[in-house]
1. Enumerate the pairs (first residue in segment 48-60 and among the polar types (S, T, N, Q); second residue anywhere and loosely packed, with under 13 Cβ neighbours inside 10 Å) with beta-carbon separation below 7 Å, excluding pairs fewer than 6 apart on the same chain, so at least 6 apart or on different chains.
2. I'm told Leu155 meets every condition in (1) in contact with an Asp or Glu (Cβ under 8 Å, 6 or more places away or on another chain); (2) at pLDDT below 90; (3) under 21 Å from Leu119 (Cβ atoms) except one. Can you identify the failing condition by its number?
3. Name the residues in segment 67-90 that are of a type in the set (S, T, N, Q) and surrounded by 17 or more Cβ atoms within 10 Å (Cβ to Cβ), would you?
4. Being open to solvent by 30 Å² or more (accessible area, probe 1.4 Å) and in contact (Cβ under 8 Å) with a residue 60 or more places away in the chain is true for just one of Arg153, Arg114. Which residue is that?
5. Tell me which of these Glu163 doesn't satisfy, since it passes every other one: (1) open to solvent by less than 100 Å² (accessible area, probe 1.4 Å); (2) modelled with pLDDT under 80; (3) not in a helix (DSSP H, G or I).
6. Within segment 91-111, restricting attention to residues that are touching a helix residue (DSSP H, G or I) at 6+ places or on another chain (Cβ under 7 Å) and surrounded by 20 or more Cβ atoms within 10 Å (Cβ to Cβ), which residue is farthest from Gln78 (Cα to Cα)?
7. Which ones in segment 119-147 are touching a Ser or Thr at 6+ places or on another chain (Cβ under 6 Å) and either part of a strand (DSSP E or B) or open to solvent by 60 Å² or more (accessible area, probe 1.4 Å) (or both)?
8. Looking only at segment 166-190, filter to residues that are of a type in the set (D, E, K, R) and open to solvent by 60 Å² or more (accessible area, probe 1.4 Å); which one of those is modelled with the highest pLDDT?
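The values are calculated or read from the model by the stated rules, or taken from the named source; none is laboratory data. All values derive from a computational prediction rather than experimental measurement. Here the Cβ positions follow ideal geometry from the backbone for every residue, glycine too, while neighbour counts run over all protein chains shown. We work out accessible area using only protein heavy atoms, side chains counted, and drop any ligands, DNA or RNA first. Shrake-Rupley method; radii C 1.70, N 1.55, O 1.52, S 1.80 Å.
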Amino acid sequence: MALRGPDSPSSVVPWAAALLLVLSVERALALPEICIQCPGSVQNLSEVALYCKQTSDLMLHARCCLNRKGTILGLDLQNCSLKDPGPYFPQAHTAIIIDLQANSLQGDLTNTFRGFTQLQTLILPQDVNCPGGINAWDTVTSYINNQTCQEQRNLCNSTGDPEMCPENGSCAPDGPGRLQCVCAEGFRGYKCMRQGSFSLLMFFGILGSTTLSISTLLWGTQRRKAKAS
């Protein structure tokens, strides 16, 4: 019976498989920064944990509840000594549930939640108002230790102002208490008045020619100065 050396193809396959496994694990551990902003993990009895355990396709990692694509659907930053959610907070704009209770949050949070159009449950410290005010939510409930904002409203359905957006634009939600006007396909610019897509070729052509002209002018000026001296 022939003995296989350490470099034979059959011995290389297991090593290659092990290497691929290690690389896949490393990729899986590359969590968004917001998930590891606060030490520790989601508590088993937290609202985020209970939400995440309702669906088998969702997984708890650090402070986040993620789907299999790595999209953040839940974020638990309670008791993290936060005065503001931090620069990585926009990474959680896809979240459906967020818990920020037991933090010393300060200021108006409306701009903080810009773009959080999927958010349906937000748990805040008891003395912090729901972003957008009570009109931005179907239910606002105050408890001893926290305040819960539930079921974000689409204010586009209740604004009652048909002229809020231009003729070639339409209203779209932009987070709790926020609206935005989105230009219809084929329109752009101020009040969606310009028709056609933005030409990158023209933009970079103008930018390049302007830069070249300024560079040539500066080069000629410096050359004349050098000859004069």
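1. Listed by first residue and then by second, the contacts come to nothing, as the list is empty.
2. Unmet for Leu155, out of (1) in contact with an Asp or Glu (Cβ under 8 Å, 6 or more places away or on another chain); (2) at pLDDT below 90; (3) under 21 Å from Leu119 (Cβ atoms): (1).
3. The one that is of a type in the set (S, T, N, Q) and surrounded by 17 or more Cβ atoms within 10 Å (Cβ to Cβ): Gln78.
4. Arg114
5. (1)
6. Ala92
7. Ile123, Thr141
8. The selected residue is Glu185.
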